[in-house]
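Undergrad: Quick one: structure below, then a few questions.
The values are calculated or read from the model by the stated rules, or taken from the named source; none is laboratory data. What you see is a predicted model, and the numbers here were worked out from it, not measured in a lab. Quick reminder, even Gly has a Cβ in these numbers, built from the backbone with ideal geometry, and neighbours come from all protein chains shown. Just so you know, the surface numbers come from the protein's heavy atoms only, side chains and all, with ligands and any DNA or RNA stripped out. Shrake-Rupley method; radii C 1.70, N 1.55, O 1.52, S 1.80 Å.
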Amino acid sequence: MSLGPTDTPLAAALMTVPGARSTFLDRIPMRTVVTPEDIAAAPLYLGSDDAAYVSGANLFVDGAWSISGYPDMRPIRAALAGPATP
């Protein structure tokens with residue numbers, strides 16, 4: 001499980017909104033956006049011999065975000081929507 005934006009071209013537009021990157025990073029204790037490689041490492045680990053004795057675990061790939069909660073996205077959504085039209 002990963003929460004928040006992943007460092008991909010799809011999320012790049014979101015991260016250009018003024019204040020968006022800091023809004024997310026302020027809630028991620030590890031202070032970095034997750035990469036596809038970070039996410040892929042979790043199932044690779046679980047499928048490896050290193051995880052042979054792992055069962056029934058919740059594995060959060062979120063930079064410890066799950067302990068801090070989701071940020072208020074209203075200002076960012078408004079910026080992405082652009083100016084209101086009459």
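Undergrad: Send over a whole-number figure in Å² for the accessible area per residue of the chain, probe 1.4 Å.
TA: Per-residue value: 71 Å².
Undergrad: For the chain, what does the alpha-carbon gyration tensor say about shape, rounded, prolate or oblate, given a ≥ b ≥ c as the root eigenvalues, a/c under 1.5 as rounded, and a/b over b/c as prolate? If you can, show how the numbers build up before the last one.
TA: Numbers: a/c = 3.10, a/b = 2.41, b/c = 1.28.
Prolate, since a/c reaches 1.5 and a/b exceeds b/c.
Undergrad: Using a Förster distance of 30 Å, how high is the FRET efficiency between L46 and S68, based on the Cβ-Cβ distance and rounded to 0.05? Mind showing how you got there, number by number?
TA: Values: r = 25 Å, r/R0 = 0.82.
Taking R0 as 30 Å, the efficiency between L46 and S68 is 0.75.
Undergrad: Given labels modelled 7 Å from the Cα in the Cβ direction, how far is it in nm from M15 to L80?
TA: For M15 paired with L80, the spin-label model returns 1.5 nm.
Undergrad: Got a number for carbon plus sulfur as a percent of the chain's accessible area, 1.4 Å probe?
TA: Numbers: 3670 of 6090 Å².
Carbon and sulfur: 60 percent of the exposed surface of the chain.
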